1. The conditions are (1) open to solvent by 10 Å² or more (accessible area, probe 1.4 Å); (2) assigned to a helix (DSSP H, G or I); (3) closer than 20 Å to residue 26 by Cα, and residue 108 fails exactly one of them. Which is it?
2. Would you mind finding the one in 200, 171 that is assigned to a loop (DSSP other than H, G, I, E, B) and either aliphatic (A, V, I, L, M) or surrounded by fewer than 16 Cβ atoms within 10 Å (Cβ to Cβ) (or both)?
3. For region 140-168, give me the residue count where each residue is free of Cβ contacts under 8 Å to residues at least 60 places away in the same chain, of a type in the set (S, T, N, Q) and part of a helix (DSSP H, G or I).
4. Among the numbered criteria (1) assigned to a strand (DSSP E or B); (2) open to solvent by less than 30 Å² (accessible area, probe 1.4 Å); (3) touching an Asp or Glu at 6+ places or on another chain (Cβ under 9 Å); (4) under 22 Å from residue 3 (Cβ atoms), which single criterion is violated by residue 192?
5. With the requirement that a residue be assigned to a loop (DSSP other than H, G, I, E, B) and open to solvent by 50 Å² or more (accessible area, probe 1.4 Å), what does region 203-220 give you?
6. Pull out all pairs, ordered by first then second residue, where Cβ-Cβ is under 8 Å, the residues are six or more apart or on different chains, the first lies in region 180-205 and is more than 12 Å from residue 82 (Cα to Cα) and of a type in the set (D, E, K, R), and the second is open to solvent by 60 Å² or more (accessible area, probe 1.4 Å) and not in a loop (DSSP other than H, G, I, E, B).
Amino acid sequence: MIYLHQHIDGSHIGLPVGKVVCIGQNYQDHIAEMQSKTAAEPLFFIKPATALCALAPAFAIPAGRGAVHNELELAVLISQPLTQASAEQVANAIWGYSLALDLTLRDVQANLKQLGRPWEIAKGFDGACPVAGFVPASDIAHPQQLDFSLSVNGVERQHGNSANMIRGISQLISEMSQHFTLLPGDMVLTGTPAGVGPLQAGDQLRLQLADYLTVNTKVS
């Protein structure tokens, strides 16, 4: 099925589908669980538009490529071009917020890291970014104070709050725009808190974004 950006009411958002620009290591607890180090420079990477797919009613994961890990993230939909943008320009260019999974082929990624190679194939494969419908920015008073969580088979696996980001939403998007022009329809992933782990076909997932969004889905 072809992916289109959707409002939480299910209607189509009139923006094209673009790239997904991501930041790694934006929550201290996730850095600790991955036994990584906090760096002064942000870790940015890109998923292609073909990685996007609808989160519900179900999404598929690759078979035969090792562990596929969930990484729950607050997603931001961009509505205006951003090049070397200020924080104020970023705020005016946000269409809305949602939740997405940065699906990661963890074994593939680990092997590529050992070889010193880029790890796009572990992050950017087809269907690697299931995303829910978007809540308009005007409906969210305090985007930097949002609770969000992921439960797998009835057990909470990830729980974060955007207040705990190392780089806040406006700052990280501003920094991204120094390197990559963001276009209308592009999406930004803002990092994952601790709790990443393997998904299996048949898993039942529940994703919650404060009081704004609840999604029930499954791994097919």
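The values are calculated or read from the model by the stated rules, or taken from the named source; none is laboratory data. The shown structure was predicted, so the numbers you read here are calculated from the model rather than taken from an experiment. For neighbour counting, all protein chains shown are included, and Cβ atoms are generated from backbone atoms with ideal geometry for every residue, glycine included. In case anyone asks, the SASA skips ligands and DNA or RNA and just uses the protein heavy atoms, side chains included. Shrake-Rupley method; radii C 1.70, N 1.55, O 1.52, S 1.80 Å.
1. (3)
2. On the way: 171 fails: assigned to a loop (DSSP other than H, G, I, E, B).
Criteria check complete, one pass: 200.
3. Going through region 140-168 one residue at a time, the tally reaches 2.
4. (1)
5. Here is the first cut: in region 203-220, the residues assigned to a loop (DSSP other than H, G, I, E, B) are 203, 210-212, 220.
Result: 211, 212, 220.
6. From region 180-205, the pairs are 203/218.
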